[in-house]
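Take a look at the structure below.
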Amino acid sequence: MAGQEFAEGFRFPPGFLWGAATAAHQVEGDNRASDWWAAEESGRLPHRSGRACDHLRRYEADFDLARAFGHNAHRLSLEWSRLEPEPGLRDEAAFGHYERVLEALRARGLEPVVTLHHFTAPRWFAERGGWLAADALDRFAAHCDAVVERFGSQIRWWITVNEPTVLAKHGWVTGDWPPFVRGRWDLAFRVIHRLCAAHRRAYRRIHARVPGALVSFAHSIPWIEPCDPSRTFDRLAARLRTAFLVDWCFGRVREAGRLLLDYVAVNYYTRSIVRWRPRGRALLFGVDCHEPHHGPRLFDDLDQELWPEGLLQVLRRCARLGLPVLVTENGIATTDDGLRLAHLRGHLEALARALAEGVELRGYLHWSLMDNFEWAKGTTARFGLAATDLATLERRPRPAMRLLAEVARTGRLAPTGSEVPSA
Ligand code: FCB
């Protein structure tokens, strides 16, 4: 993605949201009442979150850092298991904590983008059957009501649930996340269905009480393309994978033909190149492939391909839904500063190209503010704009954080771009 068309640089629109995204369990530390903590303690997960980044206590310094680096927005999740550690019990200390967190964001000019459910749930919720329990939707709706009642007036940008397809895949197919069920695509699709239903209810409840709220769910959208575009069945494999992993959720958040979304919240990381294989579940999803005609491809430490062009494609596709779009996650797991810079530069160019084409893009939230607890990968995957020193927990801004700061402050992407270096 050389920035040919931006020889003079590119100017982002005023009011564009710039910032980072986080999730409570990954940064706060001591998330003891959650299902993840219980699974970590039981030894079923390879890593323990422990104090994570100690963001629970250090949030003010972290928001100072974000602000000092030009951010004007910040995505965070309010941890359900803190707010409701036992069924029906609202923990006033936790509500007070998040009250102060939201005030701290406002005081620094950081627009909060708030997630209600980012993978973790209260331990009691999981023990009663989690998302597959008969009363799961009522429980989540009650939690949503409690948050809306207390914080409604302070939040404009809402994300009900994070990445239904990713949670369902890890929890019920690959089985490396709680509740550690393997190979049950049927249950995975029930969970996705439930999470979409949870979104619809939360959407209505938030709108009933918060005038002007902007509500969405965060959708993990890879760019999916056929291995050999001249082969009908490869094209079919790519289409089926897109239909099941991307479009199905959009279909589930419709009511009377209308999308219950005020914007599209896109988490974009990578592309998948898929080949048809007419056996088993590969029939529906194809298989990932890498053939010589794809040329050299670059992958991060989690084997996700760096493919900035895919963000442009995904943004174009989302724009067809007729709604504004917010990038709610995009990042790279690496310790290589040069690669991280090239990744960021490439994706900023993709944003610029989408805007230049008329996509109503509202902002870009990078995953993540600092290295944090990356679920089953623990602290081995480094996604931070700032490095987190694991011993002292000191945050050290990386070069990519400076690039983002420059663009956020000036509203301009300078033409001195570089492409992702070749492999
Ligand atoms: C996304 C998750 C986020 C983080 C990034 C790397 O799928 O939403 O919590 O783990 O991946």
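Residues considered: ASP234, ASP262. Of these, the only one that is open to solvent by less than 40 Å² (accessible area, probe 1.4 Å) and over 20 Å from the mean Cα position of the chain (by Cα) is ASP234. The set of residues in the stretch 326-336 that are surrounded by 22 or more Cβ atoms within 10 Å (Cβ to Cβ) and either touching a Pro at 6+ places or on another chain (Cβ under 7 Å) or charged (D, E, K, R) (or both) contains only GLU329.
Pairing each residue of the stretch 92-104 that is within 15 Å of GLU149 (Cα to Cα) and of a type outside the set (Phe, Trp, Tyr) with any residue that is open to solvent by less than 70 Å² (accessible area, probe 1.4 Å) and in a helix (DSSP H, G or I), provided the two are 6+ apart or on different chains, yields C-beta distances under 8 Å for ALA94/ARG82; ALA94/LEU83; GLU99/PHE151; LEU102/PHE151; LEU102/GLN154.
The residues of the stretch 326-336 that are within 13 Å of the ligand (Cβ to nearest atom), within 12 Å of the chain's Cα centre (by Cα) and not β-branched (Val, Ile, Thr), listed by number, are GLU329, ASN330, GLY331.
Among the residues of the stretch 255-271, is any away from the ligand (no atom under 16 Å from the Cβ) and of a type in the set (Gly, Ala, Ser)? Walk me through how you get there before you give the answer.
From the stretch 255-271, those away from the ligand (no atom under 16 Å from the Cβ) are 255-263; that's our starting set.
So of that shortlist, the ones also of a type in the set (Gly, Ala, Ser) come out as 256-257.
Scanning the stretch 255-271, I find at least one residue that is away from the ligand (no atom under 16 Å from the Cβ) and of a type in the set (Gly, Ala, Ser), so the answer is yes.
With a requirement of 1 or more residues that are open to solvent by less than 10 Å² (accessible area, probe 1.4 Å) and aromatic (Phe, Trp, Tyr), the helices (runs of 4 or more DSSP H) lying completely within the stretch 1-117 that satisfy it span 35-41, 55-68, 80-83, 92-107. Taken over the stretch 365-390, the criterion of being under 15 Å from the mean Cα position of the chain (by Cα) and among the hydrophobic types (A, V, I, L, M, F, W, C) is satisfied by LEU365, TRP367, LEU369, MET370, PHE373, TRP375, PHE383. Tallying residues that are open to solvent by less than 50 Å² (accessible area, probe 1.4 Å), in contact (Cβ under 8 Å) with a residue 24 or more places away in the chain and away from the ligand (no atom under 16 Å from the Cβ) within the stretch 118-130 yields 5. Of the residues TRP157, TRP185, TRP172, the single one that is touching a residue at least 60 places away in the same chain (Cβ under 8 Å), of a type in the set (Phe, Trp, Tyr), away from the ligand (no atom under 15 Å from the Cβ) and surrounded by 20 or more Cβ atoms within 10 Å (Cβ to Cβ) is TRP157.
Restricting LEU312, LEU339, LEU323, LEU351 to those that are open to solvent by 10 Å² or more (accessible area, probe 1.4 Å), in a helix (DSSP H, G or I), more than 14 Å from the ligand (Cβ to nearest atom) and in contact (Cβ under 8 Å) with a residue 24 or more places away in the chain reduces the list to LEU339.
Could you look through the stretch 374-397, keep only residues that are open to solvent by 60 Å² or more (accessible area, probe 1.4 Å) and not in a loop (DSSP other than H, G, I, E, B), and pick out the one that is nearest to the ligand (Cβ to nearest atom)? Only one residue tops the list, namely LYS377.
Within the stretch 126-156, track down each residue that is outside any helix (DSSP H, G or I) and of a type in the set (Val, Ile, Thr). Walk me through how you get there before you give the answer.
Going residue by residue through the stretch 126-156, those that are outside any helix (DSSP H, G or I) are 128-129, 133-135, 155-156.
Once the filter is applied, which keeps residues that are outside any helix (DSSP H, G or I) and of a type in the set (Val, Ile, Thr), the stretch 126-156 yields only ILE155.
Residues that are surrounded by fewer than 22 Cβ atoms within 10 Å (Cβ to Cβ) and more than 16 Å from the ligand (Cβ to nearest atom): does the stretch 220-228 have at least one? Yes, the stretch 220-228 contains at least one residue that is surrounded by fewer than 22 Cβ atoms within 10 Å (Cβ to Cβ) and more than 16 Å from the ligand (Cβ to nearest atom). Can you name the condition, by its number, that TYR364 falls short on among (1) within 13 Å of the ligand (Cβ to nearest atom); (2) open to solvent by less than 10 Å² (accessible area, probe 1.4 Å)? Every condition holds for TYR364 apart from (1).
Filtering the stretch 199-218 down to residues that are within 16 Å of the ligand (Cβ to nearest atom) and touching a Phe, Trp or Tyr at 6+ places or on another chain (Cβ under 8 Å), which residue is farthest from ARG317 (Cα to Cα)? Among them, the one singled out is HIS199.
The values are calculated or read from the model by the stated rules, or taken from the named source; none is laboratory data. Just so you know, these numbers come straight off a predicted model, no measurement behind them. In this analysis, Cβ positions are derived from the backbone assuming ideal geometry, glycine residues included, and neighbour counts consider all displayed protein chains. Only protein heavy atoms, including side chains, enter the accessible area calculation; ligands, DNA and RNA are left aside. Shrake-Rupley method; radii C 1.70, N 1.55, O 1.52, S 1.80 Å.
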